[in-house]
Amino acid sequence: MKFLIIVALFSLSSLAQTKHMIQFDAESINLGFLGKSKYEYKGSSVKDDDISSGFLNLGYFYAIEQFQVGSFLNYSRSRSNFDSNTFVSMNRSLNFGGFYNIGKLSESFFIGAFLGFGNSYSNSDSSEIDRNYSRSGLLEFGKRFSLESFGINGLVYSPSISFEKISYSGIEDGDTETETNTNLNFLKISYLF
């Protein structure tokens, strides 16, 4: 019985400190219309409106003072029209890094930096499926808004803008492809506990 009371008190004290964060992020608006999205493959490049993409992220972060360290899983898919072919790529990666928070965690401005590693699968109308390794770098700037005023404790809305560069290295043929994206992330929700 004493053990259960100690565990309950420890749980309540950790809730008061808000050190943990689970983050969910889905579909973004790609800023290709500003000329900020570019895809390069075998010496050719595609820009802007020829690319459509989307992603899903799920992550965990732990707060240490103003910093949060952690990782997130990413699934992304992009489609482009390339030399009269439709080119589709899917990327799954694990990203490591963190955020620097300016202010209270649930109401802060934040800056994030991440490195990611994963696998990518791509194909076009005229080729077989290519399997690649992927490496990425991501910088993110945003603001968190607590939803406590709506009676939802711990839930935080976190819109942001992100800048990402992904490099794909071929497993079989050794080719290198790069993708550069600038995104407005409107569907980013975090749970603090």
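Residues of region 58-81 that are surrounded by fewer than 19 Cβ atoms within 10 Å (Cβ to Cβ) and closer than 30 Å to Ser124 by Cβ: Leu58, Leu73, Tyr75, Arg77, Arg79, Asn81. Please go through region 100-130 and pick out each residue that is closer than 16 Å to Ser78 by Cβ and surrounded by 13 or more Cβ atoms within 10 Å (Cβ to Cβ). Within region 100-130, Gly116, Gly118, Asn119, Ser120, Tyr121, Ser122, Asn123, Ser124, Asp130 meet the criteria.
Looking at region 109-134, which of its residues are in a loop (DSSP other than H, G, I, E, B) and of a type in the set (Gly, Ala, Ser)? Spell out the reasoning first.
We begin by selecting, within region 109-134, every residue in a loop (DSSP other than H, G, I, E, B); these are 125-129.
Answer for region 109-134, where residues must be in a loop (DSSP other than H, G, I, E, B) and of a type in the set (Gly, Ala, Ser): Ser126, Ser127.
Scoring Phe99 on the criteria (1) modelled with pLDDT of 70 or more; (2) over 17 Å from the mean Cα position of the chain (by Cα) leaves a single failure, condition (2).
Number of residues in region 104-163 that are aromatic (Phe, Trp, Tyr), closer than 26 Å to Thr176 by Cα and modelled with pLDDT under 95: the value is 3. Inspection of region 168-185 identifies no residue that is of a type outside the set (Lys, Arg), under 21 Å from Ser71 (Cβ atoms), at pLDDT 90 or above and in contact with a strand residue (DSSP E or B) (Cβ under 8 Å, 6 or more places away or on another chain). A single entry from Gly137, Gly97 fulfils the requirement of being in a strand (DSSP E or B), on the phi > 0 side of the Ramachandran plot and surrounded by 15 or more Cβ atoms within 10 Å (Cβ to Cβ): Gly97. Note on region 144-193: residues that are surrounded by 18 or more Cβ atoms within 10 Å (Cβ to Cβ), under 16 Å from the mean Cα position of the chain (by Cα) and part of a strand (DSSP E or B) total 11.
Within region 83-117, the only residue that satisfies the criterion of being farther than 19 Å from Val156 by Cβ and among the basic types (Lys, Arg) is Arg92. Among the residues of region 171-183, is there at least one that is farther than 19 Å from Arg79 by Cα and without any contact (Cβ under 8 Å) to a residue 40 or more places away in the chain? Among the residues of region 171-183, at least one is farther than 19 Å from Arg79 by Cα and without any contact (Cβ under 8 Å) to a residue 40 or more places away in the chain, which makes the answer yes. Ser106 satisfies every condition listed in (1) free of Cβ contacts under 8 Å to residues at least 60 places away in the same chain; (2) not in a strand (DSSP E or B) except (1).
The values are calculated or read from the model by the stated rules, or taken from the named source; none is laboratory data. This structure is a prediction, so every number in the text was calculated from the model and none was measured. In this analysis, Cβ positions are derived from the backbone assuming ideal geometry, glycine residues included, and neighbour counts consider all displayed protein chains.
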